[in-house]
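Every number in this text was worked out from the coordinates using simple rules, so none of it is lab data. What you see is a predicted model; the values in this text were computed from it and never measured. Note: ideal-geometry Cβ built from the backbone for every residue, glycine included; neighbour counts use all protein chains shown.
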Ligand code: ADP
């Protein structure tokens, strides 16, 4: 009995004094062993009259009995408690009951747990219901969002398609216009070229016949001085016109021609130019080449034209009576530059772009210099800062230089101050 997990007690005598209890019984009753032993059962245990009657019957008859009774709920527990009693009589030597063993089982915990479980089940059912409702609601919301998303995606796709169509259309129009533009530029260039070309023949005739007339006049003797002056004026005007036409043709050719690039030995080219042209050689001018000039990647004929024009200007625009002094040198630029090489003259709109090392070439003169506000404009066609009487020229030379250098993937510029000479420079890819 002492080790039984079920609450058990033994009572004896007519007063049912508690004779023995086990730990489970003490725990159930909520009293200590000392508080129970030797005390009347009815006094220490909250048993009902029914239980005491049962005990008395077992005592009297000696037969085991059992019953379950409801214990009135006591605070803080307001749940009804069910106690089940089983009683056995322990007979003495004379066969009369000496003691009664009482076993008590409390069913409250089971009921309690069952209720709690029921409650929990109910709660979880409610919760499940709520969750299902919430899931339904969020599903519906999700459905709305998905529909919205699908609609937006569709609209986006439609917009993209429209945009693509428009871009394609735009590209087509641009291509069409570009082709038209290219065609009219080619037509215009061909037209101006043929006009300029055709003009040369009559101008040459005028110049030739006027020279002839002048010769005849002087041969016949006693020519009218006024006639001589007029004839000379016609010859000079015709010569100037011829020069103009020639320059326009050169510019046109530089703009239209197919450019074949090669490594040009600039050092040799400059020295040859100086040798060939008397106005560039001593005593007319002093041209000094510093060090050996870098080779460049260029169209040789175009570069020759540029060098001729720049050197020609360097020795031309000096104050009267001063011997032109020109210094030429090259330097490699520290960083490669993205250039547009116009390899194919037929497609000036699609130049090839590349990052290449560049060389800058300098032409420093001791000339009259150029005011800052004119330094950009002198590269425009026909832009001159002087009269024909001061310095001869057509105003096309620098336009040719810029056009040619740009088509070869380079740049051109000037650094100058009036009265302090000029430094023209050009940049081209290094060979
Ligand atoms: P042109 O030499 O036939 O006049 P350019 O196009 O070569 O035409 O030059 C345009 C103008 O730029 C010149 O008329 C001149 O006023 C100015 N210029 C060009 N080179 C120099 C220079 N080295 N020094 C001073 N002025 C210059």
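How many of the residues making up segment 214-233 are in contact with a helix residue (DSSP H, G or I) (Cβ under 7 Å, 6 or more places away or on another chain) and farther than 24 Å from residue 388 by Cβ?
Adding up the residues that qualify gives 2.
Kindly indicate whether residue 51 is outside any helix (DSSP H, G or I) and more than 21 Å from residue 2 (Cβ to Cβ).
In short, no.
For segment 391-406, what are the residues that are more than 9 Å from the ligand (Cβ to nearest atom) and out of contact with any helix residue (DSSP H, G or I) (no Cβ under 7 Å at 6 or more places or on another chain)?
Within segment 391-406, just 406 meets the criteria.
With the requirement that a residue be part of a strand (DSSP E or B) and either surrounded by fewer than 20 Cβ atoms within 10 Å (Cβ to Cβ) or in contact (Cβ under 8 Å) with a residue 24 or more places away in the chain (or both), what does segment 1-27 give you?
8, 9, 10, 11, 12, 17, 18, 19, 20
Of all residues being in a helix (DSSP H, G or I) and more than 15 Å from the ligand (Cβ to nearest atom) in segment 297-336, which is surrounded by the fewest Cβ atoms within 10 Å (Cβ to Cβ)? Just the residue, please.
301
In the list 239, 253, which residue meets the criterion of being closer than 21 Å to residue 309 by Cβ and within 52 Å of the chain's Cα centre (by Cα)?
Of the residues listed, the single one that is closer than 21 Å to residue 309 by Cβ and within 52 Å of the chain's Cα centre (by Cα) is 253.
What's the number of the condition residue 377 fails, among (1) under 27 Å from residue 245 (Cα atoms); (2) more than 9 Å from the ligand (Cβ to nearest atom)?
Failing condition for residue 377: (2).
In segment 407-429, which residue that is surrounded by fewer than 18 Cβ atoms within 10 Å (Cβ to Cβ) and farther than 15 Å from residue 312 by Cα is nearest to the ligand (Cβ to nearest atom)?
Here the answer is 418.
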